[in-house]
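One structure is given here, and the rest of the page talks about it.
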Amino acid sequence: MAAAQRSDDLPPSRWRYLVALPFAFVGYFSGGMLGVAVAKGVGGFRECTPPEGFPACNFEPYLQVGSLVGLLILPGILVWRLWQSDAAYRHSQRG
């Protein structure tokens with residue numbers, strides 16, 4: 001008879017990546033909004049007047065960088081925290 005596998009021998013769970021996937025979209029848009037807020041602050045510091053209908057002067061680079069950072073950081077932190085909670089659970093099961 002084959003011995004039952006211990007939970008430590010099983011491959012790591014992939015559910016945390018599925019949980020983090022929707023947060024990639026949230027991070028993308030929230031990072032973009034923060035980037036535009038930074039652009040608005042920089043524009044106010046430089047005392048430039050934005051064109052009609054735009055939130056700030058030269059906001060596009062700030063929007064792109066903020067969106068990319070939010071796309072990577074928010075789901076990355078979520079996966080990291082879920083991985084830590086799984087590791088703590090596995091270590092507490094060892095005794």
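Along each principal axis, taking the top coordinate minus the bottom one, the Cα set of the range 16-94 gives 62, 22, 13 Å in descending order.
The phi-based Karplus calculation (6.51 cos²θ - 1.76 cosθ + 1.60; θ = phi - 60°) puts the 3J(HN,Hα) values of the range 66-83 at x, 5, 5, 5, x, 5, 8, 6, 4, x, x, 5, 5, 5, 4, 5, 5, 5 Hz, whole numbers, x for Gly and Pro.
None of the figures in this text is laboratory data; all of them are computed from the coordinates on show. From a predicted model like this one, the values you see are computed outputs, not experimental measurements.
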